[in-house]
Amino acid sequence: MVKILSSLKGSLVKAALTMSLLSSFFLCLPSYALSQVTASVDKNPVMVNESIVLTVIADDDVDQRALDTSPLLADFIVGRTSFRSYSSSINFKTTLTSQWQIVLIARRTGKHTIPALTINSQKTAPISLVVLEKSDKDADQQDIFVTSTLSSSQTYVQQLFTLTLKLHFAVELKSGNLSEPSFPGAAIEKIGQDQQTSTIINGKRYRVIEQTYAITPQESGEFTIDAPVFSGDIMVASRGRSSFLSFAETKPVSVVGEPQSIKVLPIPLSYPPNTPWLPTEILTLHQEWPANEGEFTVGEPITRTITLTAAGLSKAQLPEIVMEHSKGFKVYPDQAQLHTNMTTDRLVSQKVQNFAIVPSQAGTFTLPELTVTWFNTVTNRTEQATLPAKEITVVAGENTLANNLAHNQNSAQTNQQNNGLNTIQPSQSAQNNDQGSATTVVATSDNTMQWLFLGLWLLTLILWLVHVIYLKRQYSTAPKRQVTNKPTSLSTGNAYQQLVNACKKNDASTALSLIIPWINQLIESDIIISKDSNNENKLVTNIAEVPTLINEQAFATALNDLQQHLYGKSAENGAPSWHGSALLAVITQINQKPNSDKNSPKWQLNP
């Protein structure tokens, strides 16, 4: 019994000792409860548009969103707000702190009051602030300031003007951001990259960061562009250590520039209706031709380059350059090239358009003039930029001349013989009227031409008879083959197979050069009917004749794409290569069409 009592007594003592230690531990712990909130500014008085830093400190770990800064908006521009919380321990006593730093810029001069701010039912004391007018001397001594300039204080609707922002600073920047301009109902685009320079103002050196914006107003009226605002951090020396062991610290700053006013005029009533509105100081048209612009050849592409240049217009505002089709030509426009450049605070835009012109027949042709209507904002008058009409001479190529001579030889001989017989009759009539020497000369010339054509005719007849005899022998000795109604794709010779290989290899140049030989073999095989006045096969001499023989839209489209790829400049500038699958499918279908007359021999003898 004694043992039980002594054991129970020891357990009670231990429990009491444990409770005493726990009570002492909890009593030593600090009680974290918000009890005080303070506010202070880094400078007072301040200059108008000069930034100050409002620091708010709470003696507890408080959520960042607990501070409401909306009461400051009445008299100040509220810039960037930074927040941090930290703890410190002195003599085993730990304290928690939350700190806000708010950048403020006074809107007006005079005496202002920073109102009390509330954090979890605790309030800061109000602060009286004096804002002074900025003098020229004070402006010269500023370490950081922002300026803004407009290229013009008056413009027309949809006329581009530029806004240039310059940040001047004589301190070391760690980071920062310059606000973009705001203009209601306008298209705003930044031009190029930031430019960094340096300058000296009243003996003080500044580094300058320059930004340029292109602004195109869409409505008329009077507008105000908001003042630019810079917010960032600058490097300052630490105040808590000696100069020998000092480290750099950052300080938040904000700077406000001056707002800009501009007047936007409407489109004049005198400007032609249904005409693109092009307000600019200057607009020009320029064209370039190949070196041999006086004379061109059928089937050979001509490159015409037209350049439109305008000041004060963006790339999107430049009008489309359209070249009208003319008889005897095919026009293939290339993709336009757009350029912009800033010169002396003026934006200059340029559109370069290349046209591939392919003559389809010989002769003299006139390209119509090209006109662009625009409004001169300097003289306030409507003007026109014009490229005058141009006359072009196109000659037939060597292949075209040879083919025409071969096909028209018989008809030319007949016409010349008839002309020779007709010239004799006037000579005889003239001989009866006048016995002069002129009659003898005319008669001698006509007799010579007659004998010449008679000799050519006899020579042609002999050659034709020899050819007929040769064909009879070949036909009589050739083995008899059963005529079938199979497609004649193999009868078109090597040109077809070479064209197929070129399409499979995506070889555009070779494919185009094989189109005419392949078409001529189809004509010779009677797959395509092309006859002249003597009912003989009329072969193709240039690519322009091909679409008239094959009346299929798929083939015309494939051929047009092939010419566009070869004649335009897009392929030279790195455009995707030509794919021959579309042309391959069409020529395969055309080549397999059955012969219109398979049951008769390829040649026939006249009785």
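The values are calculated or read from the model by the stated rules, or taken from the named source; none is laboratory data. Bear in mind that the values here come from a model prediction, so they are computed numbers and not experimental data. Heads up, the Cβs are rebuilt from the backbone with ideal geometry, glycines too, and the neighbour counts pull from every protein chain shown. The area values use the complete protein model at the heavy-atom level, side chains included, leaving out ligands, DNA and RNA. Shrake-Rupley method; radii C 1.70, N 1.55, O 1.52, S 1.80 Å.
With respect to (1) outside any strand (DSSP E or B); (2) under 25 Å from residue 142 (Cα atoms), the lone exception for residue 101 is condition (1).
Only a single criterion out of (1) surrounded by 12 or more Cβ atoms within 10 Å (Cβ to Cβ); (2) basic (Lys, Arg); (3) under 25 Å from residue 49 (Cα atoms) is not satisfied by residue 190, namely (3). Suppose we filter region 313-331 for residues that are under 19 Å from the mean Cα position of the chain (by Cα), farther than 27 Å from residue 212 by Cα and either in a strand (DSSP E or B) or small (Gly, Ala, Ser) (or both); how many remain? Residues in region 313-331 being under 19 Å from the mean Cα position of the chain (by Cα), farther than 27 Å from residue 212 by Cα and either in a strand (DSSP E or B) or small (Gly, Ala, Ser) (or both): 0 in total.
When the residues of region 261-295 are filtered to those that are over 32 Å from the mean Cα position of the chain (by Cα) and part of a strand (DSSP E or B), which remaining residue is nearest to residue 47 (Cα to Cα)? Restricting to residues being over 32 Å from the mean Cα position of the chain (by Cα) and part of a strand (DSSP E or B), the top hit is 261.
Of all residues in region 333-349, those that are surrounded by fewer than 19 Cβ atoms within 10 Å (Cβ to Cβ), at negative phi and in contact with a strand residue (DSSP E or B) (Cβ under 7 Å, 6 or more places away or on another chain) total 10. Considering only residues in region 67-77 that are not in a helix (DSSP H, G or I) and not acidic (Asp, Glu), the one that is farthest from residue 253 (Cα to Cα) turns out to be 67. The set of residues in region 189-230 being within 15 Å of residue 347 (Cβ to Cβ) and among the hydrophobic types (A, V, I, L, M, F, W, C) consists of 191, 214, 215.
Considering region 315-325 alone, what residues qualify as being at pLDDT below 90 and in contact with a strand residue (DSSP E or B) (Cβ under 6 Å, 6 or more places away or on another chain)? Of everything in region 315-325, those that are at pLDDT below 90 and in contact with a strand residue (DSSP E or B) (Cβ under 6 Å, 6 or more places away or on another chain) turn out to be 315, 323, 325. Looking across region 350-393, the residues that are part of a loop (DSSP other than H, G, I, E, B) and either on the phi < 0 side of the Ramachandran plot or not polar (S, T, N, Q) (or both) come down to 360, 361, 362, 368, 369, 377, 378, 379, 388, 389. Restricting region 49-66 to residues that are among the aliphatic types (A, V, I, L, M) and open to solvent by 20 Å² or more (accessible area, probe 1.4 Å), the residue that is nearest to residue 252 (Cα to Cα) is 57. In this structure, residue 326 does not qualify as buried (at least 18 other Cβ atoms within 10 Å of the Cβ) and not hydrophobic (A, V, I, L, M, F, W, C).
Kindly establish whether residue 179 is touching a strand residue (DSSP E or B) at 6+ places or on another chain (Cβ under 8 Å), open to solvent by 50 Å² or more (accessible area, probe 1.4 Å) and either over 30 Å from residue 266 (Cβ atoms) or of a type in the set (Ser, Thr, Tyr) (or both). For residue 179, the condition - touching a strand residue (DSSP E or B) at 6+ places or on another chain (Cβ under 8 Å), open to solvent by 50 Å² or more (accessible area, probe 1.4 Å) and either over 30 Å from residue 266 (Cβ atoms) or of a type in the set (Ser, Thr, Tyr) (or both) - is not met. Filtering 97, 109, 155, 81 for residues that are modelled with pLDDT of 90 or more and not acidic (Asp, Glu) leaves a single hit, 155.
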